[in-house]
Amino acid sequence: MFKTAVRAARPAALAARASTKSSTSALRAFSTSVRVSSGGPPPPQLYGEGAKAGTVPTDIEQATGLERLQLLGELEGIKVFDDSPLDASRIGTKASPVLVPSYDVERIVGCTGSPADSHDVLWFNVRKDKQSRCTECGSVYALDFQGEEHAVHHH
Amino acid sequence: MNKTIFKFQHFPFHLVDPSPWPILLSFSLLNLTVGAVTYMHGFTYGGYILSLGFILTTFCMVLWFRDVVIEATYLGHHTKEVKNGLMIGVLLFIVSEVFAFLSVFWAFFHSSLSPAIEIGGSWPPVGITPLDPFAIPLLNTFLLLSSGAFITYGHHALIAGNRKAAIDGVILTIVLAVIFTGLQYFEYSEAGFTMADGIYGSAFYASTGLHGFHVIIGTIFITVSLVRIINYQLTTKHHNGFESSILYWHFVDVVWLFLFVAVYFWGNT
């Protein structure tokens, strides 16, 4: 559903891009901001149709980029950015670790034991190929890798 | 869905790109301050240094604003979480401004509540003819309060999607703000005391002058919002810059009420 919504925006986006091509390149030429993303394709462009002349645009008409992604996700009932805490109802074991969903090959986890806030927060990395254990309570965490193997890892 | 969103960054926060504006603006402001001091103390070429400071500061401001507009409107970096962070930043900034004004009011009350024998044991000091609070200051109070009403009108019009009313409301706000600044300038030039001739003038100009600077900054802030409304950059729901300028304007408004009651009215009797 969400995918189709994003897809549906593509033709309009491409048209908008084509029509503003000259102004976009002018914008780039004078831009002082440096893209620090290294390698990989740029994220797909998301455009709305824009406001009609003489009106105030709404978010759905005008929002672009991540803002639009979040907005389209909300319309579909999808939380694009997952900010819910990890499962703290149990201590993870090697046989049954606490899973850390991730689009990247590595995530930083802050453990406070089980139940939550049982001990001071301890931060450590959880990598795709190796489980990690909290040195305070011994809870084991493993990465639940959901991204693509060679996707862009950098912001 | 995963396939679509993994192409975007996985977190809602905006990691800003390297920017030249913080350091360049710092040096421009240093230039502006040094220019102001040299000019006001009559140094040779002080006016040139001050003018250069104004030009450089304006230059950095415009280009920095332009970068932020690109990031917000054209690149869509300002997600809900980013907007939340920006709003917290503005509120904390206004809190710090409140305390800056608190210190100026403290200085005023320190000298006026228990006037020293050197100034005749009275406030206003012996020989000082203060301004009539019910002449221009009262008019200015009405001007600022009306401008606050007009900007609320403009804000609600923007939320309701009424472009023309939004622009009209904001323009009227700016007009009233400019008249206020003009009247303050007129009154400063008519006043019978200066910043350098005693504690009354020092406390008066330090407090009302600091407020005057904030009115000018607020006017620029609102003018930038007006330009962004005219350029279709602000939407009915996403206009943090405009909201920040409104908050700032109301803050300036409230400070004036305290100034009017304490410095102009109470300090006159």
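Restricting to region A:57-77, name every residue that is open to solvent by 10 Å² or more (accessible area, probe 1.4 Å), facing chain B (nearest Cβ under 7 Å) and over 19 Å from B:Phe11 (Cα atoms).
If the condition is that a residue be open to solvent by 10 Å² or more (accessible area, probe 1.4 Å), facing chain B (nearest Cβ under 7 Å) and over 19 Å from B:Phe11 (Cα atoms), then A:Thr58, A:Asp59, A:Gln62 are the ones that fit.
State all residues of region B:190-220 that are modelled with pLDDT of 95 or more and open to solvent by 70 Å² or more (accessible area, probe 1.4 Å); if no residue qualifies, say none.
Correct list: B:Phe213, B:Ile216, B:Ile217, B:Ile220.
Being over 30 Å from A:Leu66 (Cα atoms) and outside any helix (DSSP H, G or I) narrows it down to one of B:Ser114, B:Ser103, B:Ser51, B:Ser96, so name that one.
B:Ser114
Among the numbered conditions (1) in a helix (DSSP H, G or I); (2) buried (at least 18 other Cβ atoms within 10 Å of the Cβ); (3) not β-branched (Val, Ile, Thr), tell me where B:His250 comes up short.
Against the list (1) in a helix (DSSP H, G or I); (2) buried (at least 18 other Cβ atoms within 10 Å of the Cβ); (3) not β-branched (Val, Ile, Thr), B:His250 comes up short only on (2).
Is it fair to say B:Phe101 is of a type outside the set (Val, Ile, Thr), surrounded by 15 or more Cβ atoms within 10 Å (Cβ to Cβ), over 17 Å from the mean Cα position of the chain (by Cα) and under 30 Å from B:Trp123 (Cβ atoms)?
Here the answer is no, as B:Phe101 does not meet what is asked.
Out of region A:70-119, which residues are part of a loop (DSSP other than H, G, I, E, B) and closer than 20 Å to B:Glu81 by Cα?
Those that are part of a loop (DSSP other than H, G, I, E, B) and closer than 20 Å to B:Glu81 by Cα: A:Glu76, A:Gly77, A:Ile78, A:Lys79, A:Val80, A:Phe81, A:Asp82, A:Asp83, A:Ser84, A:Pro85, A:Leu86, A:Tyr103.
Of the residues B:Trp123, B:Trp64, which single one is aromatic (Phe, Trp, Tyr), assigned to a loop (DSSP other than H, G, I, E, B) and either surrounded by fewer than 18 Cβ atoms within 10 Å (Cβ to Cβ) or touching a residue at least 40 places away in the same chain (Cβ under 8 Å) (or both)?
Checking each option against the conditions leaves just B:Trp123.
Output the number of the condition that B:Leu113 fails; it satisfies all remaining conditions of (1) under 24 Å from B:Gly201 (Cβ atoms); (2) out of contact with any Ser or Thr (no Cβ under 8 Å at 6 or more places or on another chain); (3) of a type outside the set (S, T, N, Q); (4) open to solvent by less than 30 Å² (accessible area, probe 1.4 Å).
(4)
Of the conditions (1) assigned to a loop (DSSP other than H, G, I, E, B); (2) more than 12 Å from every other protein chain (Cβ to nearest Cβ), B:Phe13 clears all except one; give me its number.
Checking B:Phe13 against (1) assigned to a loop (DSSP other than H, G, I, E, B); (2) more than 12 Å from every other protein chain (Cβ to nearest Cβ), the one that fails is (2).
Pick from A:Val80, A:Val98: which is over 30 Å from B:Thr235 (Cβ atoms) and open to solvent by less than 70 Å² (accessible area, probe 1.4 Å)?
So the residue among A:Val80, A:Val98 that is over 30 Å from B:Thr235 (Cβ atoms) and open to solvent by less than 70 Å² (accessible area, probe 1.4 Å) is A:Val98.
Yes or no: region B:180-188 includes at least one residue that is of a type in the set (S, T, N, Q) and in a loop (DSSP other than H, G, I, E, B).
no
Out of all the residues in region B:31-59, which are among the hydroxyl-bearing types (Ser, Thr, Tyr) and over 27 Å from B:Thr223 (Cβ atoms)?
Hits for region B:31-59 are B:Thr38, B:Thr44, B:Tyr45.
Of all the residues that make up region B:195-216, how many are of a type in the set (A, V, I, L, M, F, W, C) and free of Cβ contacts under 8 Å to residues at least 12 places away in the same chain?
2
The values are calculated or read from the model by the stated rules, or taken from the named source; none is laboratory data. These figures come from a predicted structure and were not determined experimentally. Here the Cβ is made from the backbone with ideal geometry for all residues, glycine too, and neighbour counts use every protein chain on show. For accessibility, only protein heavy atoms count, side chains too; no ligands or nucleic acids. Shrake-Rupley method; radii C 1.70, N 1.55, O 1.52, S 1.80 Å.
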